[in-house]
Ligand SMILES: [Zn+2]
């Protein structure tokens, strides 16, 4: 059965589009599909199935219809869904822009020394860089099972992470109009693979790949009167100082939360920030492993992600999301640092997945008290 399905995506923090060719739809589609593929891969591995290494020509799947090798051995579930040499992607994705979907790019920081870094990371353009707020993903020409899989995938991305590029710097927190719980999503993906006679299992859960077993995530509500929020509201803007409508709903402060917040009231105040506190506890090497780095040609991507502060309406609480693939004991440390930053006195909840197949997949909620 052929279907056309529209998923409405509302970005709660802007989706990063970069300064280069910002109106190019292909660039947007590539970024969205790239992040979907990345999440599907780590879900497949988390469920104990084999997924090939897309960064290696030698280990990447290739499909040859004349080969005697069974289908399942030629294509891993990720390549089956997203395509590879000799095999087409199983869905067409198109982006439909809503009117007034663009706003100007801006950031806030308490640390005046950050300007150089911010320029380097975001390649701040000369003028008028924009980000995208609202769009719909239209999926076409595919069967209902594939559409269900994409719904499960987007549901997990919505709850546990983000979409598009540069999630580690606050971008791409979203809501989809048609989503299901992460537990049901995992079960749906597992059943699909098993019924599809996907026989290749692997122990790559234990390897260095990012995977669901090491995933933790937070979604915290932060009151409008929070003293840190006040500091940011009064701090300086970067790039764009216009009276952007999105300013009512967004405090783009992920950069400060992720890296470091200098002493706020007096020089004796502690330095806050997720990376700063990790470096204090664990030193340089582990911090580089978790937060990523660039060293000449060597690039390690970040395993820790944090959103900007966002809210759905004026006068309501802000939210901040954080997630990472560093395992639950480091996840708890991140929660403790978030509590320090926002001076939260009550316990907060860290979420993670229980991936024990016999007990069923479920979300575990752990209290962070410190
Ligand atoms: Zn593959």
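Below is a table of values for the structure above.
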{"read-out": "Complete set of residues in the stretch 45-86 that are buried (at least 19 other Cβ atoms within 10 Å of the Cβ) and more than 9 Å from the ligand (Cβ to nearest atom)", "value": "45, 46, 47, 49, 81"}
{"read-out": "Given (1) more than 30 Å from residue 270 (Cα to Cα); (2) modelled with pLDDT of 75 or more; (3) surrounded by 16 or more Cβ atoms within 10 Å (Cβ to Cβ), index of the condition residue 219 fails", "value": "(1)"}
{"read-out": "The listed residue being at pLDDT 90 or above and in a loop (DSSP other than H, G, I, E, B), out of 285, 225, 240", "value": "225"}
{"read-out": "Count of the stretch 259-293 residues which are farther than 23 Å from residue 108 by Cα and in contact with a strand residue (DSSP E or B) (Cβ under 8 Å, 6 or more places away or on another chain)", "value": "3"}
{"read-out": "Residue check, residue 94 touching a helix residue (DSSP H, G or I) at 6+ places or on another chain (Cβ under 7 Å) and either more than 13 Å from the ligand (Cβ to nearest atom) or at pLDDT 90 or above (or both)", "value": "no"}
{"read-out": "The lone exception for residue 42 - which of (1) modelled with pLDDT of 90 or more; (2) more than 24 Å from the chain's Cα centre (by Cα); (3) away from the ligand (no atom under 12 Å from the Cβ) it fails", "value": "(2)"}
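The values are calculated or read from the model by the stated rules, or taken from the named source; none is laboratory data. Only a predicted model underlies this, so the values are computations on that prediction, with no experimental measurement involved. Heads up, the Cβs are rebuilt from the backbone with ideal geometry, glycines too, and the neighbour counts pull from every protein chain shown.
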